[in-house]
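Note sheet for the following structure.
Read-outs throughout are calculated quantities, based only on the coordinates presented, and are distinct from any laboratory measurement. Bear in mind that the values here come from a model prediction, so they are computed numbers and not experimental data. Because the Cβ atoms are built from the backbone with ideal geometry, glycine has one as well, and the counts that use them run over all protein chains shown.
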Amino acid sequence: MEKVYDKCCGIDVHKKIIVACFRKGNRQELRDFGATTRELLEMADWLKEGGCEMVAMESTASYWKPLYNILESCGLKAMVVNAAI
């Protein structure tokens, strides 16, 4: 399989918690964040500081929408995916 992004993040979105796995080459870091605006902005800062190239998140109900808006407004590229496929 061809590598597309060297620094990317997969996010599991829940109502009150966001679990992010940020891969940088062969290393990965797993962090939990709350779902408040302040906590989502902290996560966006963490990803930007790490040089994240793309964020992929599952589309759980409508919980992904605030996160997507914050990532987009912070200049991060994001996509919503179906984890089942």
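Of all the residues that make up region 1-45, how many are hydrophobic (A, V, I, L, M, F, W, C), loosely packed, with under 12 Cβ neighbours inside 10 Å and under 19 Å from residue 74 (Cα atoms)?
Initially, region 1-45 is screened for residues hydrophobic (A, V, I, L, M, F, W, C), giving 1, 4, 8-9, 11, 13, 17-22, 30, 33, 35, 40-41, 43-44.
Of the ones still in play, those that are also loosely packed, with under 12 Cβ neighbours inside 10 Å are 1, 4, 30.
Filter again for under 19 Å from residue 74 (Cα atoms), leaving none.
Summing the residues that are hydrophobic (A, V, I, L, M, F, W, C), loosely packed, with under 12 Cβ neighbours inside 10 Å and under 19 Å from residue 74 (Cα atoms) in region 1-45 gives 0.
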Please identify the pairs in which a residue from region 1-18 that is without any contact (Cβ under 8 Å) to a residue 24 or more places away in the chain has its Cβ atom under 7 Å from the Cβ atom of a residue that is surrounded by fewer than 13 Cβ atoms within 10 Å (Cβ to Cβ) and not in a loop (DSSP other than H, G, I, E, B), counting only partners at least 6 apart or on another chain.
17/32
Looking only at region 48-66, and only at residues there that are in contact with a strand residue (DSSP E or B) (Cβ under 7 Å, 6 or more places away or on another chain) and more than 15 Å from residue 12 (Cα to Cα), the one that is surrounded by the fewest Cβ atoms within 10 Å (Cβ to Cβ):
51
Among (1) of a type outside the set (Val, Ile, Thr); (2) without any contact (Cβ under 8 Å) to a residue 12 or more places away in the chain; (3) closer than 20 Å to residue 7 by Cα, there is one condition residue 84 misses while meeting the rest; what is its number?
(3)
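Mind listing whichever residues of region 67-80 are exposed (fewer than 13 other Cβ atoms within 10 Å of the Cβ) and not in a helix (DSSP H, G or I)? Break it down stepwise before answering.
At the first step, the residues of region 67-80 found to be exposed (fewer than 13 other Cβ atoms within 10 Å of the Cβ) are 73, 75, 79.
Across region 67-80, the qualifying residues are 75, 79.
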Tell me yes or no: at least one residue of region 21-42 is among the aliphatic types (A, V, I, L, M) and closer than 16 Å to residue 5 by Cα.
no
